[in-house]
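Report on the structure given below.
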Amino acid sequence: MPNIVTDFIAKLSLPFSSGGCDFLWEVSSKDSDYIFTRCEGEEFFILVKNKSPKFLIKGEKLSRPSQVIFLQRALREYAKKANCNILFDNTCSNRVKTKNPIIKEIDFFAQNFTFDKELFLEIGFGSGRHLLYQAKNNPDKLIIGVEIHKPSIEQAAKQCGILGLENVILVDYDSRILMEFLRSNSVSRIFIHFPVPWDKKPHRRVINPSFTDEALRVLKVGGTLELRTDSEEYFKYALDIFIQNAQSDIRILKNFDLEISSKYEDRWKRLEKNIYDITLTNTKLSPDNSALSRLDFDFLNNIDKIRQNFTPKLFVGDDFFVHFEEMHAGCKKVVIRTSFGASGRAEHMFIIVQEDKIAYFPNGAYTTKANKTAHEIMKKWLNG
Ligand SMILES: C[S@@+](CC[C@H](N)C(=O)[O-])C[C@H]1O[C@@H](n2cnc3c(N)ncnc32)[C@H](O)[C@@H]1O
C-alpha cells in the first residue's frame, strides 16, 4: 500500500484542491484524521495517523479507489500542501498488480444477473482439478467457481489462462450467500466435492437447510446438487436435510469413481476411506426472483444525538450481526465504521451521517437476507 512517513505535517483547512485532487472534509478520532478525497471522479478516504514523533499518511482500506495511481497522487498532493518533511515515500512505485479478468467481484453477479450460457457451479473447488475438467469438457457451458481461499482462486485462474479456458469465472465469496445473487431456475449442476465437514462447528458447513432451499431454487428442473464426501457423518447429515423436502429425488452411490479425482480424493483413496455421492435432483420450477439492489437509508436523523450517544455496540442474531465499531466526528459530519451481515461474510463499510443525509460509504451493501435484517437494526439504532 502506498504511504508517506513524515516528522512534520501542517494542519490544513479544508476544502482545497491540488493537482487534480479535491480534499473536501475531514473527521477525526483518537490518533487519526480521515480526509474525504475525490480524484478522477472517485471518492475515498486518506488517513493521517499520528505515530508520535512521526506521522503516517496512507489510503484507508475500505474505500480504496479502483486504481492505485489515484491514491498515490492524492497522498503526494496532500503531503506537498501540508509541507511535510518526508522521511519515506513509496507513492512513485509503479508496480501495478493487474487482476486476472476471470476473477470477478460480487458486483459482477448483481449486474450480470442473466447469463446467456448454461451454468455449472462448483462450490469450494480447492486445487481446481474438477473445475478445469468440467470447463475443458463443456466448452458450451459457463462454469462458475466459488471459493473462500484466495490462493486457490489465483492458482485456478492461472491454470485457466495456461489451458486457454474462456468459459470459467471465479469469485472469492461465501457460497452460501452467492446463491442469493443467482437467478431462479438458471443452473444445471452444482458440485460440492469434499466440503470441510466442520464436525465441531456445524454452523460453518456449506450445506444446511436454507442453503439447500436456495440450491433447489437456482437449479433448473432436472438440475442436480452433487455432493461427494469421504465423511460418513457429513453424508448422513446432508441426506437428512435433503430428505426433508416434501418431494425429493435422491440418488446415493458408495465408492464409485468419477472421471477425475481431486487431490483430497487421492489422499482419502490412499487411506482406503469410503467415498459417498448424493445427487439431489430438482423437480420443481421456482418463482422468479429479481437482481439484488443496494441498501440505502430513507430517513433523516439527529446527527447531534448520534455524536453524543455513540458507544461501540455489537448485536448478534441467529443468522446476522451488526457491529458499530467506532465513530469519527467532524464539523457537521459523523462517520461510523461498521461491520454487519452474515457471520460467514461480513460487510465492512462506513456510514456517513450529515445534517440532511445519511449514506453507506463507499457503497451500500447488497440486499441479501442477512444484510436486510442487519440494516433494519441499524436504522432503529441510528434513530435512537
Ligand atoms: C476440503 S476442500 C475440497 C476442495 C476440492 N473440492 C477438492 O475436492 O479437492 C474444501 C474447500 O471448500 C472451501 N470452502 C469452505 N467453505 C466455503 C464456503 N462457505 N464457500 C466457498 N468455499 C468454501 C475451502 O476453502 C476449501 O478449498
Degrees separating the helix 232-242 axis from the principal Cα axis of the chain, which is the longest one: 90 degrees
Gyration tensor (Cα) of the chain, equivalent ellipsoid semi-axes in angstrom: 45, 25, 18
Projected label distance in nm at V316 and W381, using a 7 Å step from Cα toward the beta-carbon: 1.4 nm
Residues whose placed amide H lies under 5 Å from that of E118, excluding near-sequence neighbours: L142
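Anything over 21 Å Cα to Cα? Flag those among K30/K332; K333/K380; K136/K254; K236/K284; K61/K332, in the order listed.
K136/K254; K236/K284; K61/K332
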Equivalent-ellipsoid semi-axes of the range 239-324, from the Cα gyration tensor, Å, largest first: 48, 23, 14
Phi to ³J(HN,Hα) by Karplus 6.51 cos²θ - 1.76 cosθ + 1.60 over the range 193-198, Hz, x for Gly, Pro: 9, 6, x, 4, x, 6
Size descriptor, Kirkwood hydrodynamic radius, that averages inverse alpha-carbon separations across the range 303-382, Å: 12.7 Å
Percent of Cα pairs exceeding the 22 Å cut-off, where the set is the range 130-241: 36 percent
The range 3-89 - Rg (one decimal) and Dmax (whole number), Cα, Å: 11.6, 34
Global form of the range 171-312, assessed from the alpha-carbon gyration tensor, a/c cut-off 1.5: prolate
For the range 140-154, 3J(HN,Hα) per residue [Karplus equation, 6.51 cos²θ - 1.76 cosθ + 1.60, θ = phi - 60°, Hz, x = Gly/Pro]: 8, 10, 9, 9, 9, x, 10, 8, 10, 9, 4, x, 5, 5, 4
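Any read-out appearing in this document is the output of simple, stated calculations on the displayed coordinates, not a laboratory observation. Computed from a predicted structure; not experimentally measured. Every residue, glycine among them, receives a Cβ derived from its backbone with ideal geometry; neighbour counts consider all protein chains shown.
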